[in-house]
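*Asks:* Handing you this structure, nothing more for now.
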Amino acid sequence: MKVNEIFPSKMVAILLTGHGGFEKLEYREDVPTPMPAKEEVLIKVAAAAVNNTDINTRIGWYSKGVNTGTNAGGSEGFVEANDEDGGWSGGLSFPRIQGADVCGRIIAVGDEVSSERIGERVIVRNLMRAPCNFRPFECWTFGSECDGGFAQYVTAPSQESYTVNSELTDVELSSFSCAYSTAENMLHRANVKSGEHVLITGASGGVGSAAVQLAKCRGAIVTAVASPEKASAVRDLGADRVINRNDNPVAVIGADKIDVVIDLVAGKGWARLLDTLKRGGRYAVAGAIAGPLVQLDVRTLYLKDLTFFGCTFQEDVVFKNLIHYIERGDIRPIIAKTYPLKDIAKAQQDFLGKKIFGKLVLIPPKEH
């Protein structure tokens, strides 16, 4: 291991001790500081953003035993969740340090990593391919299959730690990895092109607001779905039109008008989204905050020649695109509020309240 500064043997971190409510988030000051393996770097965390996946994992929402939206169990968890499939890719090992989004500086590197990386400011790709030897459709989520950024220090594969040359602050950079890569992946998989009309659900959320900006980067026409109180903020991001999330999109937009649907909501109104699509249209999904179970009329799927994309795994080009957009200044972070790391439960409560527009970011203590 090669080091350029002394760091403590123990650190502050939030340990997720199991699936359930906020009581499963344990603030500790005696967690062993991780040491980088030969191909890893040690990052001193400056900021780590809160994401829906953190909450979904804590409450066990990914379990097939759960059939309602995230908010139904956001505070207390789901009694019907099973530990065997409570994580997004199966069972988790506890305790786990969550945190898919992190920005920080490399302070040490493993023996097979160049010491020139020490001092670089980085963000970590949240869906990491290196631990899976870059096999197709396999990845680890940072903060799920391995420990993440809700701590003072974290290790990550050097290949997954991306230097970013930007004037944005650490807090701002910490808001990109999870939400923006998810959005860019959906647009990439659906091959959104300039001039196409894209409908984005959940547009005031982290992934949805990122999708609005990234779709505009591609030259698309964007109709966004959001609550009336957040419509103005979504328009400020570049949406050409914002419709009320409680309205029937077919009645407002019309049938057979949309080229691509970018969906993060699902739920009981899901079938109407397909009715808005043109023949040959594409539907991409990476979330189901209103509920994972929907009713599909298969005739709509095949008679309209629709294509569906389930979007989790990300090809390498997705995160490279994201870094390019950040460094070029094409996308801007939306930071609503920061919290001390110890106030993670409050940050998640605010997240679940859905009244705040923008990212919520946790700041670890400077010293232990």
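All of the numbers you see were taken from the coordinates with simple rules; none came from a lab. Note that this is a predicted model, so its numbers are computed, not measured. Cβ sites come from the backbone with ideal geometry, for glycine too, and all protein chains shown count toward neighbours.
*Asks:* Below 8 Å between Cα atoms, with a sequence gap of 6+, how large is the relative contact order for the chain in percent? Could you put the intermediate results ahead of the total?
*Replies:* On the way: 896 pairs, mean separation 65.2, N = 368.
Normalised by residue count, the contact order of the chain is 18 percent.
*Asks:* Evaluate the charge dipole of region 179-310 about its Cα centre and quote only its size in Debye, nearest 20, assuming +1 on the Cβ of each Lys and Arg and -1 on the Cβ of each Asp and Glu.
*Replies:* Details: 16 positive and 12 negative charges, 28 e Å.
Using only the charged Cβ atoms, the result is roughly 140 debye.
*Asks:* Filter the trypsin sites (Lys or Arg not before Pro) in region 169-277 to those in DSSP coil with at most 14 other Cβ atoms within 10 Å of their Cβ, and list the result.
*Replies:* On the way: sites: R189, K193, K216, R218, K230, R235, R241, R245, K257, K268, R272; in loops: K193, R218, R245, K257, K268.
The qualifying sites are K193, K268.
*Asks:* Going by how many other Cβ atoms sit within 10 Å of their own, how do C178, C217 line up, fewest first? Don't jump to the answer; show the numbers that get you there.
*Replies:* Numbers: C178 31, C217 19.
Ordered from fewest to most neighbouring Cβ atoms within 10 Å, C178, C217 come out as C217, C178.
*Asks:* Please identify the longest segment of the chain free of exposed chymotrypsin sites (Phe, Trp or Tyr not before Pro), where exposed means a DSSP state other than H, G, I, E or B and no more than 13 other Cβ atoms within 10 Å.
*Replies:* On the way: sites that count: F134, F137.
Longest site-free region, per DSSP loop and neighbour criteria: 138-368.
*Asks:* Let me ask another. Name the residue from A190, V285, A215 whose Cα lies farthest towards the positive end of the charge dipole of region 179-310, charges +1 on Cβ of Lys and Arg and -1 on Cβ of Asp and Glu.
*Replies:* Positive-most Cα among the choices belongs to A190.
*Asks:* Restricting to Cα pairs below 8 Å that are 6+ residues apart, what does the relative contact order work out to for region 296-368? Please round to a whole percent. Intermediate results must be reported in sequence, preceding the final value.
*Replies:* Numbers: 45 pairs, mean separation 19.7, N = 73.
Relative contact order here is 27 percent.
*Asks:* Would you kindly state how much longer the chain becomes between H324 and K342 on full extension, computed as 0.36 nm times their sequence separation minus their alpha carbon distance, in nm to one decimal?
*Replies:* Numbers: separation 18, 0.36 × 18 = 6.48 nm, distance 3.31 nm.
Result for the pair: 3.2 nm of gain on full extension.
*Asks:* Right, something else. Of I258, I200, A233, which is farthest along the charge dipole of region 179-310 in the positive direction, counting Lys and Arg as +1 and Asp and Glu as -1 at C-beta?
*Replies:* Most positive-ward Cα: I258.
*Asks:* For the chain, with only Lys/Arg (+1) and Asp/Glu (-1) charged at the beta-carbon, what is the dipole magnitude about the Cα centre, in debye rounded to 20? Could the numbers behind the result be given before it?
*Replies:* Values: 41 positive and 44 negative charges, 205 e Å.
Roughly 980 debye for the chain.
*Asks:* Among V207, V318, which comes first, second and so on when ranked by fewest other beta-carbon atoms within 10 Å?
*Replies:* Numbers: V207 27, V318 22.
In increasing order of surrounding Cβ atoms, one gets V318, V207.
*Asks:* How much length, in nm to one decimal, is gained on full extension between M1 and N244, taken as 0.36 nm per residue of separation minus their Cα-Cα distance?
*Replies:* 82.1 nm
*Asks:* G91: net charge of surrounding residues, Cβ under 9 Å, Lys/Arg +1, Asp/Glu -1, itself excluded?
*Replies:* Working: positive: none; negative: D83, E84, D85.
Its environment carries a net charge of -3.
*Asks:* Suppose every Lys and Arg Cβ carries +1 and every Asp and Glu Cβ carries -1, with no other charges. What dipole size does region 8-144 come out with about its Cα centre, to the nearest 20 debye? Each step should come with its number before you reach the end.
*Replies:* Working: 14 positive and 18 negative charges, 68 e Å.
Computed charge dipole of region 8-144: roughly 320 debye.
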